[in-house]
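The values are calculated or read from the model by the stated rules, or taken from the named source; none is laboratory data. Just so it is clear, the structure is predicted and the values come from calculations on it, not from any experiment. Cβ placement follows ideal geometry from the backbone for every residue including glycine, while neighbour counts extend to all protein chains displayed. These area figures cover heavy atoms from the full protein model, side chains too; ligands, DNA and RNA do not enter into them. Shrake-Rupley method; radii C 1.70, N 1.55, O 1.52, S 1.80 Å.
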Amino acid sequence: MSLSSWLEKLHRVDLAGFYLINGSLRNAFFDTLMPFITDKWNAALPLALLFLYVLLFRPKRDRILVIAALAVVLVADATTQILKNLFHRIRPCDVLEKAICWPPLAVHLGYANRLAGAILLYGKDLFQYVKDLFQPGGAAITGINLKGVVRHGSFSFPSNHASNIFALAAYFSYNYRRLALPCFVAAFLVGYSRIYLGAHYPMDVLAGAAWGMFVGFFAAVVAERLMRARRADDPIRPAEKQDSSPLTPTSSSLRPQRPRGWSHS
């Protein structure tokens, strides 16, 4: 089988998967749930509270891991955007007539919220926002319509949502094994929502998930090596009391270490 025929077959499978999730499997419950899941702002407050709790009440090793997670997301997001600009794949809602698009993928009512979103997450959209204010009808814009994302330079392959959330899932699962199941369930739901709402093809989500997990696991291994090297230079001290919290790191380098010379008897 030639490369072109193999790619054509892969494209047909991708389309079939998209129409299955975006069309055949639609239901009233998911019509309500998926827009909520796909909007990253709905997770902002719980994550901010968790971040604050870790900074104030958790041990130093937890604080380091959580702060480093911010860097993991930034790396995953930036590298995925580079890949998008290389492949230039148009989103399904911009090219497929039968695609069912959910316009309010992110609900940002009013200029203040839209401006905040542009500053925090879509820096390059800030110029477009200011430009829209001076266009006829620009004042009527109160949300983000999926069909306009290509106009802002956002392509489909791979999915930023998938890469970001799977990078976090991989990173935290490596360090907190008891959080693996909820992390990957949440990541799956986010990826599924992107297809359900017409923002991505299944291959976009799978590619984003694969890349995100690579970034997350790679960052976790690097962090483990660095912290292991630092602990090797620390003075020997008695083993600390084990913490049974789900946030207790499970990587070997982050567990309390037995001082050298202790016997096993």
TODO: For segment 172-191, enumerate the residues that are among the aromatic types (Phe, Trp, Tyr) and within 14 Å of the chain's Cα centre (by Cα).
DONE: 172, 184, 188
Open item on the list: Any residue that is part of a helix (DSSP H, G or I), of a type outside the set (S, T, N, Q), loosely packed, with under 13 Cβ neighbours inside 10 Å and over 16 Å from the mean Cα position of the chain (by Cα) - is there at least one of those in segment 30-43?
Closed with: no
TODO: Please work out if residue 165 is open to solvent by 40 Å² or more (accessible area, probe 1.4 Å) and either assigned to a helix (DSSP H, G or I) or touching a residue at least 40 places away in the same chain (Cβ under 8 Å) (or both).
DONE: yes
TODO: State the number of residues belonging to segment 1-15 that are open to solvent by less than 70 Å² (accessible area, probe 1.4 Å), farther than 12 Å from residue 195 by Cβ and either touching a strand residue (DSSP E or B) at 6+ places or on another chain (Cβ under 7 Å) or not polar (S, T, N, Q) (or both).
DONE: 1
Task: Unmet criterion (only one of (1) free of Cβ contacts under 8 Å to residues at least 40 places away in the same chain; (2) among the aliphatic types (A, V, I, L, M); (3) over 28 Å from residue 156 (Cβ atoms)) for residue 65 - done: (1)
- [ ] For segment 146-162, name all the residues that are surrounded by fewer than 21 Cβ atoms within 10 Å (Cβ to Cβ) and modelled with pLDDT under 50.
- [x] 147, 148, 149, 150, 151, 152, 153
Task: Among residues of segment 44-62, those that are surrounded by 15 or more Cβ atoms within 10 Å (Cβ to Cβ) and without any contact (Cβ under 8 Å) to a residue 60 or more places away in the chain, counted - done: 1
Task: Residue, surrounded by the most Cβ atoms within 10 Å (Cβ to Cβ), within segment 183-198, restricted to residues that are more than 11 Å from residue 92 (Cβ to Cβ) and of a type in the set (Val, Ile, Thr) - done: 190
Task: Failed condition for residue 141, given (1) modelled with pLDDT under 95; (2) buried (at least 18 other Cβ atoms within 10 Å of the Cβ) - done: (2)
- [ ] Please specify each residue of segment 199-219 satisfying the condition of being open to solvent by less than 40 Å² (accessible area, probe 1.4 Å) and at pLDDT 90 or above.
- [x] 200, 201, 202, 204, 205, 207, 208, 209, 212, 215, 216, 219
